[in-house]
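These notes concern the structure reproduced below.
The values are calculated or read from the model by the stated rules, or taken from the named source; none is laboratory data. Keep in mind the model is a prediction, meaning the values are calculated, not measured. When we count neighbours, we look across all protein chains shown, and the Cβ atoms used for this are built from the backbone with ideal geometry, even at glycine.
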Amino acid sequence: MPAKTDPFYVRYYSGHMGRYGHEFLEFEFSEGRLRYANNSNYRNDSLIRKEMWLSPLTISELKRIVAESEIIKEDDHNWPKKNVVGKQELEVRLSDTHISFETAKIGSLVDVQGSDDPEGLRVFYYLIQDLRIFVFSLISAHFKIKPVSVFFILLCVCCPLFHRLLDRSFHHI
């Protein structure tokens, strides 16, 4: 039987009801899987959903990012409340700790500085930026590489004979 790991879960939501309906970005990391959804009705775009399994190393890096941010120590009591511009939600379970935050959408660090809790909101703001980059990088890497490209890369790296043939064919061009 595999060893039990500490419970770990992260969910982020950012959205609003606007002229094009309910537009949102949401992702969650749970049980080694990333689920992503992006809905924009602008120009009749449809809901985009992506799902992928992640390696234990990827999950441990995500845990490190969340733990080092120290978001667990923060409290959203003095953060801006959701409004017509929209809201953001962050839920994290890290070992025995479970937190949930809700705040208005943050456009920039100017919004952070103008809040009643600029230090806590800054931690939230930078963690969200890191998580979004992490998610978009994973999605980009996972869904843009075609299987043929992966096979070709593996051949080039792992097969010396193929590599020599490839070198010869390029010298004749």
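Checking each residue in the range 81-98 for being of a type in the set (Val, Ile, Thr) and assigned to a loop (DSSP other than H, G, I, E, B) picks out VAL84, VAL85. Filtered by the rule that a residue be over 12 Å from ALA104 (Cα atoms) and of a type in the set (D, E, K, R), the range 69-90 gives GLU70, LYS73, GLU74, ASP75. Among the residues of the range 99-122 satisfying the criterion of being surrounded by 18 or more Cβ atoms within 10 Å (Cβ to Cβ) and in a helix (DSSP H, G or I), which is nearest to the chain's Cα centre (by Cα)? My answer is LEU121. Taken over the range 83-98, residues that are surrounded by 13 or more Cβ atoms within 10 Å (Cβ to Cβ) and either in contact with a Leu (Cβ under 6 Å, 6 or more places away or on another chain) or among the acidic types (Asp, Glu) (or both) amount to 2. Residue count for the range 66-82 satisfying the condition of being surrounded by fewer than 16 Cβ atoms within 10 Å (Cβ to Cβ) and either over 29 Å from MET17 (Cβ atoms) or among the polar types (S, T, N, Q) (or both): 6. Just one of (1) free of Cβ contacts under 8 Å to residues at least 24 places away in the same chain; (2) within 26 Å of SER140 (Cα to Cα) fails for VAL66. It is (1). For LEU109, the test of being modelled with pLDDT of 55 or more and either in contact with a strand residue (DSSP E or B) (Cβ under 6 Å, 6 or more places away or on another chain) or closer than 23 Å to GLU26 by Cβ (or both) is failed.
What do you reckon, is VAL66 modelled with pLDDT of 95 or more and part of a helix (DSSP H, G or I)?
Criteria met by VAL66.
Checked across the range 103-121, the condition of being in contact (Cβ under 8 Å) with a residue 60 or more places away in the chain, over 20 Å from LYS50 (Cβ atoms) and either out of contact with any helix residue (DSSP H, G or I) (no Cβ under 7 Å at 6 or more places or on another chain) or of a type in the set (Val, Ile, Thr) (or both) holds for at least one residue.
Kindly establish whether LEU127 is part of a helix (DSSP H, G or I) and modelled with pLDDT of 95 or more. It is true that LEU127 is part of a helix (DSSP H, G or I) and modelled with pLDDT of 95 or more. Within the range 50-87, if we keep just the residues that are touching a strand residue (DSSP E or B) at 6+ places or on another chain (Cβ under 8 Å) and of a type in the set (Lys, Arg), the residue that is farthest from TYR13 (Cα to Cα) turns out to be LYS63. All conditions in (1) under 21 Å from the mean Cα position of the chain (by Cα); (2) under 16 Å from VAL10 (Cα atoms); (3) not hydrophobic (A, V, I, L, M, F, W, C) hold for ASP96, with the sole exception of (1). When the residues of the range 7-59 are filtered to those that are surrounded by 13 or more Cβ atoms within 10 Å (Cβ to Cβ) and among the polar types (S, T, N, Q), the one that is modelled with the lowest pLDDT is ASN41.
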